[in-house]
Each structure stands twice: as structure tokens, then as C-alpha cells.
Amino acid sequence: MQLSVIILNYNVRYFLEQCILSVQEAIRGLEAEIIVVDNNSPDDSCQMIKERFPEVILIENKENVGFPKGNNIGVESAKGEYVCILNPDTVVAEDTFEKILAFARTKTDLGIIGCKLIDGTGNFLRESKRGIPSPWVAFTKISGLYKMASSSNVFGRYYAGHITENQTGKVAVLVGAFMVLKREFYKEVGGFDERYFMYGEDIDFSFSVLKKGLSNYYFH
């Protein structure tokens, strides 16, 4: 199997439905599976999956175990060569996975691949590509200095300003809303650190990959 798409859901039934519909279109022609891990949603997310998408693998957690553990549970059940960690409030383009996998196979130093994310009004989300938030880098963000020279390697590192939103290149940190990497490498790194519950775990995971000597790529 080429790809396993892991979608961690908590109480966003309507977003989840649209997400799955878009993923189904995007994996046509691929040997792929969709795994939804539900963190004990109080809405009817699980019932909707069972009724509308019986082919989707559904894992129903009995409590909200958080983002890292929820995704780790999903990857444990995955069979694909690659896994995609995908937020339930996203919609992917029809050719997203085809292009991402083709790009992945050209890299011998591959860690994680992230992609260009846009919001509901079509604006680019700068969080798609970031740098390690060292004290200096964090200061440039908090103080607004990054706005003065967003492409500078001194001031613009928080949002990986060395490449534009329409360039592909190596970056330090990718956002957990969309991450593609080899399943075996995910396990080798140890997955997301379950000491986190939500937020920050994507930075930690990206950094763990860099410490392995591999590269994270923003693929525009």
C-alpha cells in the first residue's frame, strides 16, 4: 500500500465529512487507505463515518487522548509505505497526494514533507513553513521584527523567510495540520511525543527529524 491518511477528529463532524470527501478524490488511482481516529467526540462524528463512509477505518478512543497520542494510535494501524497526518478541518486538492509522493521519491534525505496551506479566504498560512523558535527567532516574532525583513536569514527565520510561499525548499519546522513521511521512519523517530497534549508537538517532531540528519521539505 502506498499511503495511509490519518485524520484525528474531535467534535468537528461537518469539517470531517468535507475532509474525507476531498481525500477520497485525492487518492483515486493510488493504493491508499483513510484512517479516522476519533478522540471521544460528543457529536455524531463516529455515526456519520459509519453511515457515510463504511470503507474508512474508524478507531474510537474512549477518551480525548490528545493530538500526539491520537495520531500515534492511527499510525500503529496504518499499512501504507507513507503516512499523511491530516487535520479534519482541511480540504486537499485532487492532485495533492500524487504530487507529494512523486516529490518524496526524488529525495534521499527525506524527513517530513509539508505543503502550501491556505485559509478559507484564499490567504496563505505562513505557519506552513517555519524555523526553530530559538530565543532570538521567537523574539523577532513577538516583537514584530520579522515584518521588517521577512526574507532575511537574521530576522525572517520564524516563517522560514529564505523561501517564498511559491518556492519548494528545506525548512526546519512543518505544521502538524499536514505532514507526509515514511511510516517506518515515523516509528523510528518515535512518533509524536505523548507528553504533549496539543500545540508544540509538531515543532518537537520536526526537530527530532533534523536530529536524525534528515531534511524537512516545504513543497509549494
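Could you tell me which numbered condition residue 177 fails, if it satisfies all but one of (1) farther than 14 Å from residue 84 by Cβ; (2) in contact (Cβ under 8 Å) with a residue 12 or more places away in the chain?
So the condition that residue 177 fails would be (1).
For segment 196-220, give me the residue count where each residue is under 23 Å from residue 167 (Cβ atoms), open to solvent by less than 50 Å² (accessible area, probe 1.4 Å) and in a loop (DSSP other than H, G, I, E, B).
The qualifying residues number 1.
Please enumerate the residues belonging to segment 26-45 that are under 18 Å from residue 99 (Cβ atoms) and open to solvent by 60 Å² or more (accessible area, probe 1.4 Å).
Of the residues in segment 26-45, the ones under 18 Å from residue 99 (Cβ atoms) are 26-32.
Hits for segment 26-45 are 28, 29, 31.
Residue-by-condition table, conditions (1) in contact with a Phe, Trp or Tyr (Cβ under 7 Å, 6 or more places away or on another chain); (2) under 27 Å from residue 74 (Cβ atoms); (3) modelled with pLDDT of 95 or more:
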residue	(1), (2), (3)
102	no, yes, yes
119	no, yes, no
124	no, no, no
127	no, yes, no
142	no, no, no
151	no, no, no
179	no, yes, yes
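Looking for whichever is open to solvent by less than 50 Å² (accessible area, probe 1.4 Å) and either small (Gly, Ala, Ser) or assigned to a loop (DSSP other than H, G, I, E, B) (or both) here; the options are 65, 23, 83. Which one fits?
Details: 23 fails: either small (Gly, Ala, Ser) or assigned to a loop (DSSP other than H, G, I, E, B) (or both); 83 fails: either small (Gly, Ala, Ser) or assigned to a loop (DSSP other than H, G, I, E, B) (or both).
None of the other options fit; the residue is 65.
Can you go through 36, 65, 92, 83 and tell me which one is at pLDDT 95 or above and more than 26 Å from residue 208 (Cα to Cα)?
92
Applying the selection to segment 42-62, what residues are assigned to a loop (DSSP other than H, G, I, E, B), acidic (Asp, Glu) and either over 13 Å from residue 11 (Cα atoms) or free of Cβ contacts under 8 Å to residues at least 24 places away in the same chain (or both)?
Within segment 42-62, the first condition is being assigned to a loop (DSSP other than H, G, I, E, B), and the residues that meet it are 42-44, 53-56, 61-62.
Now restrict to residues that are acidic (Asp, Glu): 43-44, 55.
55, the sole residue that qualifies.
Tell me, please, whether a residue that is closer than 24 Å to residue 117 by Cβ and touching a Phe, Trp or Tyr at 6+ places or on another chain (Cβ under 6 Å) can be found in segment 58-67.
Within segment 58-67, one or more residues are closer than 24 Å to residue 117 by Cβ and touching a Phe, Trp or Tyr at 6+ places or on another chain (Cβ under 6 Å).
Considering segment 193-215 alone, what residues qualify as being within 18 Å of residue 87 (Cβ to Cβ) and in contact with a strand residue (DSSP E or B) (Cβ under 6 Å, 6 or more places away or on another chain)?
203, 206, listed by residue number.
Would it be correct to say that residue 182 is at negative phi and either of a type in the set (Gly, Ala, Ser) or surrounded by fewer than 16 Cβ atoms within 10 Å (Cβ to Cβ) (or both)?
Values: at negative phi: yes; either of a type in the set (Gly, Ala, Ser) or surrounded by fewer than 16 Cβ atoms within 10 Å (Cβ to Cβ) (or both): no.
For residue 182, the condition - at negative phi and either of a type in the set (Gly, Ala, Ser) or surrounded by fewer than 16 Cβ atoms within 10 Å (Cβ to Cβ) (or both) - is not met.
Being open to solvent by 30 Å² or more (accessible area, probe 1.4 Å) and part of a helix (DSSP H, G or I) is the filter here; which residues of segment 68-80 pass it?
Keep residues of segment 68-80 that are open to solvent by 30 Å² or more (accessible area, probe 1.4 Å), which gives 69, 73, 76-77, 79.
Answer for segment 68-80, where residues must be open to solvent by 30 Å² or more (accessible area, probe 1.4 Å) and part of a helix (DSSP H, G or I): 69, 73, 76.
Restricting attention to segment 185-195, which residues are assigned to a loop (DSSP other than H, G, I, E, B) and open to solvent by less than 20 Å² (accessible area, probe 1.4 Å)? Please lay out each step first, then the result.
Of the residues in segment 185-195, the ones assigned to a loop (DSSP other than H, G, I, E, B) are 190-195.
Matches in segment 185-195: 191, 192.
The values are calculated or read from the model by the stated rules, or taken from the named source; none is laboratory data. Small disclaimer: the values here were computed from a predicted structure and weren't measured. Because the Cβ atoms are built from the backbone with ideal geometry, glycine has one as well, and the counts that use them run over all protein chains shown. Side chains included, ligands, DNA and RNA excluded: accessible areas come from the protein's heavy atoms. Shrake-Rupley method; radii C 1.70, N 1.55, O 1.52, S 1.80 Å.
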